[in-house]
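Data block below; observations after.
The values are calculated or read from the model by the stated rules, or taken from the named source; none is laboratory data. These numbers come from a predicted model, not from an experiment. In this analysis, Cβ positions are derived from the backbone assuming ideal geometry, glycine residues included, and neighbour counts consider all displayed protein chains. Surface areas here come from the heavy atoms of the whole protein model, side chains and all, with no ligands, DNA or RNA. Shrake-Rupley method; radii C 1.70, N 1.55, O 1.52, S 1.80 Å.
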Amino acid sequence: MSNTAANSVVLVHGGFVDGSGWEGVYHQLKEDGYDVTIVQNPTTSLADDVAFTRRAIAAAPGNVILVGHSYGGVVVSEAGTDPKVSAVVYIAAFAADAGESVSTLIANPPPGAAVPPILPPVDGFLMLDKAKFAASFAADVRPSLASFMADSQVPWAVAALEGKVTEPAWRVKPSWYLVATDDHMIPPPAQRQMANRAGATTVEVPGSHAVYVSDPASVAKLIKDAAASVGRS
């Protein structure tokens, strides 16, 4: 492998959840010898989450494959310009451009698109309706785990939702994108549009928004493909 090879992976979760959902992906990557860091970003603001992610990148040995799910895509778009990052991988994520935020990207959903069951903000933080969490976020996750995810939600700050990217990593780094074709949080056509705009190497996988939980093998494979590609460059 060349000196651009990336043997470290940094995983960034999205809104309403913490990093524990990456467990399956983590084990798949560790079995293949990757150093893996899971960022427990607080989802209090984009700036805070980017700072947490940049610290994880700095601490990782060697070059990094930076991976974001959902809102984590905005975080890695902003943090991924770090010189240690060799590639950025989006998992059913918001691949935001300069000046964009989750808030701007979801402002005009296409007709007929599923509407995420986000409750009105309380003290500046958002939650999903627990009764609708499984159907919208984790329809292909085993019911007991989907229930746990609903009941262990991390409040997502409106400030994070509104945080805007300045210089998106995908404009300067190679990128990969996994489209979850049964996603009811981010419409698959929107995922495809963002992936195409980023010029990302794209795969489509049958799965809910929580595809990283329900199908860790497919997610890990895309990450390993990205690592292998930059390793050959």
| Is it fair to say Ala180 is surrounded by 19 or more Cβ atoms within 10 Å (Cβ to Cβ) and more than 15 Å from the chain's Cα centre (by Cα)? | no
| field | Condition check for Thr43: among the hydroxyl-bearing types (Ser, Thr, Tyr) and either open to solvent by less than 20 Å² (accessible area, probe 1.4 Å) or assigned to a loop (DSSP other than H, G, I, E, B) (or both) | value | yes
| Which residue pairs have Cβ atoms closer than 6 Å, lie 6 or more positions apart in sequence or on different chains, and pair a first residue in segment 221-233 that is farther than 16 Å from Val172 by Cβ with a second residue that is at pLDDT 95 or above and open to solvent by 10 Å² or more (accessible area, probe 1.4 Å)? | Leu222/Trp176; Leu222/Val203
| request: State all residues of segment 82-104 that are among the hydrophobic types (A, V, I, L, M, F, W, C) and open to solvent by 50 Å² or more (accessible area, probe 1.4 Å); if no residue qualifies, say none. | output: Ala98
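Yes or no, residue by residue, for (1) out of contact with any helix residue (DSSP H, G or I) (no Cβ under 6 Å at 6 or more places or on another chain); (2) more than 21 Å from Ala227 (Cβ to Cβ); (3) not basic (Lys, Arg):
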residue: Ser8; (1), (2), (3): yes, no, yes
residue: Asp18; (1), (2), (3): yes, yes, yes
residue: Trp22; (1), (2), (3): yes, no, yes
residue: Arg55; (1), (2), (3): yes, yes, no
| query | What number of residues within segment 153-195 satisfy the criterion of being in contact with a strand residue (DSSP E or B) (Cβ under 8 Å, 6 or more places away or on another chain) and farther than 15 Å from Leu105 by Cα? | reply | 16
| Considering segment 158-177 alone, what residues qualify as being farther than 15 Å from Val205 by Cα, among the hydroxyl-bearing types (Ser, Thr, Tyr) and crowded, with 16+ Cβ neighbours inside 10 Å? | Ser175
| Selection count, segment 86-121, where residues are aliphatic (A, V, I, L, M), outside any loop (DSSP other than H, G, I, E, B) and in contact (Cβ under 8 Å) with a residue 12 or more places away in the chain | 6
